[in-house]
Amino acid sequence: MIGKMPLMRAGRAFGPLVEVAEDALIHDTALIHGKVRLAARVSVWPNVVIRAERDFVEIGEGTNLQDFVMVHVGMNSGTTVGRNCSITHHATIHGCEIGDDCLIGINATVMDGAKIGAGSIVAGHAIVTENAEFPPNSIIAGVPARRVAERDCSAPNRANADWYWRNAQAYAHGVHREEDW
């Protein structure tokens, strides 16, 4: 059970360098430490871990980090996620750059120095290797990941991110079923 998603500004699960926008929604099981910035309308779901002992992590406006996501920095790179992205369940993003309006699939991994262009999808279970770069509107899949198609997925990816924002707001108000929004 997810429970109520409270707005947390600081607390035992946050380090002192964490910056959180006024309206971000963060589940009380999330652990966030180091130099981390969460923009407006970011939602951080149960059991997410964000760590930035060196460098930084920046999560853009309207992005959601779903259950069990791991965000970490690389040896020589921070982690930046653009606006209106969905980083889905069990994904790991590590020292990489993800453009606006992207979806990173369930259990996918994006490694140090990798760059995912705006409007892209990384398929579930894909492994984007170190320093791999993909242009905007890429469909990326496989192990190791490669570009398998070109399609602008910006609109559906933004719609997915917006649905997660509405869902987070509902949970924050104790509403646990979509038909009750």
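How many residues are over 21 Å from residue 73 (Cα atoms) and part of a strand (DSSP E or B) if we restrict to the stretch 122-137?
0
In a strand (DSSP E or B), of a type outside the set (S, T, N, Q), out of contact with any His (no Cβ under 9 Å at 6 or more places or on another chain) and crowded, with 22+ Cβ neighbours inside 10 Å - does that describe any residue in the stretch 49-57?
Checked the stretch 49-57: no residue is in a strand (DSSP E or B), of a type outside the set (S, T, N, Q), out of contact with any His (no Cβ under 9 Å at 6 or more places or on another chain) and crowded, with 22+ Cβ neighbours inside 10 Å.
Quick one: in the stretch 58-76, which of the residues that are of a type in the set (Asp, Glu) and not in a strand (DSSP E or B) is surrounded by the fewest Cβ atoms within 10 Å (Cβ to Cβ)? It would help to see each step written out before you state the result.
Kept after step one, since they are of a type in the set (Asp, Glu), are these residues of the stretch 58-76: 58, 61, 67.
Narrowing further to those that are not in a strand (DSSP E or B): 61, 67.
On the way: 61: 19, 67: 16.
Within the stretch 58-76, the match that is surrounded by the fewest Cβ atoms within 10 Å (Cβ to Cβ) is 67.
Please name all residue pairs, on different chains or six or more residues apart, with Cβ atoms under 8 Å, provided the first residue is in the stretch 134-151 and is among the polar types (S, T, N, Q) and the second residue is outside any strand (DSSP E or B) and open to solvent by 60 Å² or more (accessible area, probe 1.4 Å).
What qualifies is 137/151; 137/152.
Residue 91 - would you say it is open to solvent by less than 10 Å² (accessible area, probe 1.4 Å), more than 23 Å from residue 20 (Cβ to Cβ), among the hydrophobic types (A, V, I, L, M, F, W, C) and at pLDDT 95 or above? Steps first, please.
Numbers: open to solvent by less than 10 Å² (accessible area, probe 1.4 Å): yes; more than 23 Å from residue 20 (Cβ to Cβ): no; among the hydrophobic types (A, V, I, L, M, F, W, C): yes; at pLDDT 95 or above: yes.
Taking the combined requirement at face value, the residue does not satisfy it.
Output yes when any residue across the stretch 96-109 is touching an Asp or Glu at 6+ places or on another chain (Cβ under 7 Å) and of a type in the set (Asp, Glu), and no when none is. Walk me through it before giving the result.
Filtering the stretch 96-109 down to residues touching an Asp or Glu at 6+ places or on another chain (Cβ under 7 Å) leaves 96.
If we keep only those that are of a type in the set (Asp, Glu) too, we end up with none.
There is no residue in the stretch 96-109 that is touching an Asp or Glu at 6+ places or on another chain (Cβ under 7 Å) and of a type in the set (Asp, Glu).
Output yes when any residue across the stretch 138-160 is in contact with a helix residue (DSSP H, G or I) (Cβ under 7 Å, 6 or more places away or on another chain), open to solvent by less than 20 Å² (accessible area, probe 1.4 Å), farther than 30 Å from residue 28 by Cβ and in a loop (DSSP other than H, G, I, E, B), and no when none is.
No, there is no match, as no residue in the stretch 138-160 is in contact with a helix residue (DSSP H, G or I) (Cβ under 7 Å, 6 or more places away or on another chain), open to solvent by less than 20 Å² (accessible area, probe 1.4 Å), farther than 30 Å from residue 28 by Cβ and in a loop (DSSP other than H, G, I, E, B).
Is it the case, given these coordinates, that residue 119 is outside any strand (DSSP E or B) and without any contact (Cβ under 8 Å) to a residue 40 or more places away in the chain?
Working: outside any strand (DSSP E or B): yes; without any contact (Cβ under 8 Å) to a residue 40 or more places away in the chain: yes.
It is true that residue 119 is outside any strand (DSSP E or B) and without any contact (Cβ under 8 Å) to a residue 40 or more places away in the chain.
The values are calculated or read from the model by the stated rules, or taken from the named source; none is laboratory data. The structure displayed is predicted, hence computed values, not measured ones. Ideal geometry is used to build each Cβ from the backbone, glycine not excepted, and the neighbour counts take in all protein chains shown. Protein only, heavy atoms only, side chains kept; ligands, DNA and RNA dropped before computing areas. Shrake-Rupley method; radii C 1.70, N 1.55, O 1.52, S 1.80 Å.
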